């Protein structure tokens, strides 16, 4: 019988996507694929470079630690600050922006653990290749698809 090793923050991996920082605390490997848990660090004034998307087969729950992050869920802006939590249900179109003057730290829980560090590594490769410009939409759509997400249709032109 294999013995399990239990320890605090077994993953401890930080992935940088442009100016964003993602620090994994638990992955599916650490939780029998039940959840991924990571911190999201978003600098002041930073808008998400990736397009709005929906999670096809998992819930995403956010908990505010520092600063206020504005999540747009199905077109509705929702501010999440310290001590507040937001659950984004499967299929809801969402994105986030730090519209404030303070850096943000939030905790994210993905359940089940369909999305993990591999998604962020692949997304970082696509986003970091643009040197601050918009990411290649086709490449991002493929990364999203591989990790249980669908890119939302762009908003209609005005």
**Study point:** Zone of residue 150's modelled label, taken as backbone nitrogen in the stretch 50-70 under 11 Å from a point 7 Å along Cα→Cβ
**Key:** 54-57
Review point. How high is the FRET efficiency between residue 56 and residue 130 when r is their beta carbon distance and R₀ equals 22 Å, given to the nearest 0.05?
Key: 0.30
Practice item. Take every Cα pair under 8 Å in the stretch 1-76 that's 6+ residues apart, average their separations, divide by the length, and report that relative contact order as a whole percent. Key: 18 percent
Check your understanding: Between the helical axis of 117-128 and the dominant principal axis of the chain, each derived from Cα atoms, what acute angle in degrees is found, rounded to the nearest 10?
Key -> 30 degrees
Practice item. Could you state the angle between the C-alpha long axis of helix 137-146 and the longest principal axis of the C-alpha atoms of the chain, as a value from 0 to 90 degrees rounded to the nearest 10? Key: 30 degrees
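Where a number appears in this text, it was derived from the coordinates with a stated rule and is not lab data. Small disclaimer: the values here were computed from a predicted structure and weren't measured. Because the Cβ atoms are built from the backbone with ideal geometry, glycine has one as well, and the counts that use them run over all protein chains shown.
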